[in-house]
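Colleague: I am attaching a structure below and will ask some questions about it afterwards.
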Amino acid sequence: MLMASYPVQSLFPGFFRRIIAAVIDFLLIVIVWFSVGLGIDFLPRTGENTITFIAPDVPRMFIVFLVFIVYFTLLEATLGWTLGKLIFQEEVVTLRGRRPSLLQALIRNLFKPVDMLLLLAPLLMSPKTQTLGDRYAKTLVINRDAGVPGIIVEDRYIFTFKKIIGIILLLVSLAGLGIGFSVMRTYLPEIRSVNQAAHNHFMRLEKGIARNQNVRAAYENASIQVREQMTFEDYQQKLQENPLLLTVLERRREIEFNQWTFQEEEGQRVAAVVKGNVDTLFEIEVNLAKEQNQWKFVSGNPIPRGQ
């Protein structure tokens, strides 16, 4: 059985054409991303001795991801190309040169986030310039006039310049993912701890006010800073003078924190500022200090939304 073969064009121009074509397609996704009010706040932000985390808006991110999947999958399954691929005369085909099925196109595009995280290293390391999605979906991206793709012979053990660049990108991406995993592994427990500390303080206040203004448990569990700056009577009077406190405590179980800033000194986390919302009525900011390896309440400030 004779197999059709085709001249192997320069792989790097093909690679860059695919990158530019992908950029054109992703610009459409970016437009959708920002049109629904998303930004890049899901990345940690660093300041002088501080690091801030913001909770991602998962529902909106899911909408964008769904648009992403539908756009690429439907166009590639029905036409074989997207806008970017059409401009550069590229086409998605199966290994036999046919148009991919809906399932193949779906599999191919579900792997796109993974390929992006790996900085497209699999594309450079593949003899047929396949992404991970292409490999699992058994698809290729070829020039539209290339006909049925032949077999590209390339020794997988030969380290071409293209493969070396791919390996470098893979190592860089894995290092970045490792750093990200390490950061999240360090700070996720701290985020849970400060959330719990803030909720526990409001719970003690709620129970104390329900018991004839007996908020001593909350005072005694607060930070040393609070007890050094004010007596129990001063603390109690401050609570009584806060007109918003009762309303906030009535909706205590609806408090959702979405931003965490940690302050560090000599590698130790010593303070935290937690921000969030109480239903749709209030914004709230809670300051905490770390004492004897436990987070303690320092101050809290509910503000009506829009002020």
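Colleague: Being outside any helix (DSSP H, G or I), open to solvent by 70 Å² or more (accessible area, probe 1.4 Å) and of a type in the set (A, V, I, L, M) is the filter; apply it to the stretch 21-64 and report the residue that is farthest from GLN268 (Cα to Cα).
Modeller: Once the filter is applied, the top-ranked residue is ILE40.
Colleague: Being surrounded by fewer than 18 Cβ atoms within 10 Å (Cβ to Cβ) and in contact with a Ser or Thr (Cβ under 9 Å, 6 or more places away or on another chain) is the requirement here; does LEU83 meet it?
Modeller: no
Colleague: Would it be correct to say that VAL67 is out of contact with any Asp or Glu (no Cβ under 6 Å at 6 or more places or on another chain), of a type outside the set (Lys, Arg), open to solvent by 70 Å² or more (accessible area, probe 1.4 Å) and in a helix (DSSP H, G or I)?
Modeller: No: the conditions fail for VAL67.
Colleague: Looking only at strands (runs of 3 or more DSSP E) that lie completely in the stretch 194-307, which have at least 1 residues being open to solvent by less than 40 Å² (accessible area, probe 1.4 Å), in contact with a Phe, Trp or Tyr (Cβ under 7 Å, 6 or more places away or on another chain) and over 24 Å from ARG45 (Cβ atoms)?
Modeller: 294-304
Colleague: Continuing with this model, one more query. Counting just the residues of the stretch 88-101 that are open to solvent by 60 Å² or more (accessible area, probe 1.4 Å) and modelled with pLDDT under 90, which one comes out farthest from LEU120 (Cα to Cα)? It would help to see each step written out before you state the result.
Modeller: Within the stretch 88-101, the first condition is being open to solvent by 60 Å² or more (accessible area, probe 1.4 Å), and the residues that meet it are 89, 95-96, 98-99.
Subsequent filtering for residues that are modelled with pLDDT under 90 retains 89, 95-96.
Values: GLN89: 21, LEU95: 20, ARG96: 24 Å.
Selected residue: ARG96.
Colleague: Somewhere in the stretch 102-110, is a residue modelled with pLDDT of 90 or more, of a type in the set (Lys, Arg) and touching a helix residue (DSSP H, G or I) at 6+ places or on another chain (Cβ under 6 Å)?
Modeller: Taking the stretch 102-110 and keeping what is modelled with pLDDT of 90 or more, we get 102-110.
Checking the rest, the ones that are also of a type in the set (Lys, Arg) come to 108.
From what is left, the residues that are touching a helix residue (DSSP H, G or I) at 6+ places or on another chain (Cβ under 6 Å) are 108.
Yes: the stretch 102-110 contains one or more residues that are modelled with pLDDT of 90 or more, of a type in the set (Lys, Arg) and touching a helix residue (DSSP H, G or I) at 6+ places or on another chain (Cβ under 6 Å).
The values are calculated or read from the model by the stated rules, or taken from the named source; none is laboratory data. Quick caveat: nothing in here was measured; it's all calculated off a predicted structure. Here the Cβ is made from the backbone with ideal geometry for all residues, glycine too, and neighbour counts use every protein chain on show. Heads up: the accessible areas ignore ligands, DNA and RNA and are worked out on the full protein's heavy atoms, side chains in. Shrake-Rupley method; radii C 1.70, N 1.55, O 1.52, S 1.80 Å.
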